[in-house]
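Report on one structure; see the data block that follows.
Nothing in this text is a laboratory measurement; each read-out follows from the coordinates by a stated rule. All figures in this text were calculated on a predicted structure; none of them were measured in a lab. Positions of Cβ are generated from backbone atoms using ideal geometry, with glycine treated the same way; all protein chains shown enter the neighbour counts.
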Amino acid sequence: MSAARCGPVAKFDVIGGVDAAFSADGAWCVAAAVVWERESGVVLEEQLAVRRAEFPYVSGRLWLREGAAVLAAVCALRARPDVFLYDGHGIAHPRRFGAACSLGMATGLPVIGCAKALLVGTHEPLGRERGSRVPVVYRGQIVGSALRTREGVRPVYVSVGYGISQATAEEVVLCAAARFRLPEPLRLADQRVRAAQRQLDAERCWEDAARPLSGWSPGAVRVSPAYGKAGEGARGDEPGGIDIRTRQRSSAGKRDGEGNGIQ
């Protein structure tokens, strides 16, 4: 879908997709962060990270289980997306604060929760045509929407994670899902973590992959030459990279905090 047809969300041209998967025994987590340029359809960068899943599975507390791997993958990015799509929920969550909200608080960048299934709430039936949407309501409040990205295909569930409106979030997801049910960067991130999960389980090398200097590589991590320009292609707190910070709320309600880079 062209920038012109995407209208007011055309400024969100560089979109990140984040997904995670777990080892067969549930002890390890691999996360993928993919940066995709909507106008050209080019993948600008991909990063994978492996971390031990320290927290047991508890419904609604996904971030405690996969957050360390997700932040490691996101921190490794040299390209800076305009917005992230997270395979999980934002405020469509029992505590109104899902994993997509946590990623936004950590990075300070806009994040959209785009999930394959509902966690909480209900919605009315929606039309079969692409672009049909209805609100998701939980305890009398609208917390997101069911959005059909392809005609006759099951909808995705969109909710605000951080720094973006619900209406804009829906349009970003729709514009990024021109060919498949899932938005392209999220679909690619899902493919990367599934492939890495299969390889790591087959080779039984999760612990080696979690070591920064292990040399393990699934052959999927790459950076586009387009990000060799001045001011781009940096990591962490260098220009062009993503600075992951610990953010706290002061008594006045403002966010503050010093940069504590997640490596």
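Below is a table of values for the structure above.
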quantity	calculated
Rounded Å value of the spacing that divides the Cα centres of the stretch 136-179 and the stretch 41-61	21
Highest average packing first - 113-124, 15-26, Cβ atoms within 10 Å	15-26, 113-124
Peptides ranked, highest mean first, by Cβ atoms within 10 Å: ranges 171-183, 57-69	171-183, 57-69
Cβ crowding within 10 Å averaged over residues, with 96-103, 145-152 ranked highest first	96-103, 145-152
log₁₀ of I(q)/I(0) at q = 0.29 Å⁻¹ - the stretch 58-124, Debye sum with one point per alpha carbon	-1.43
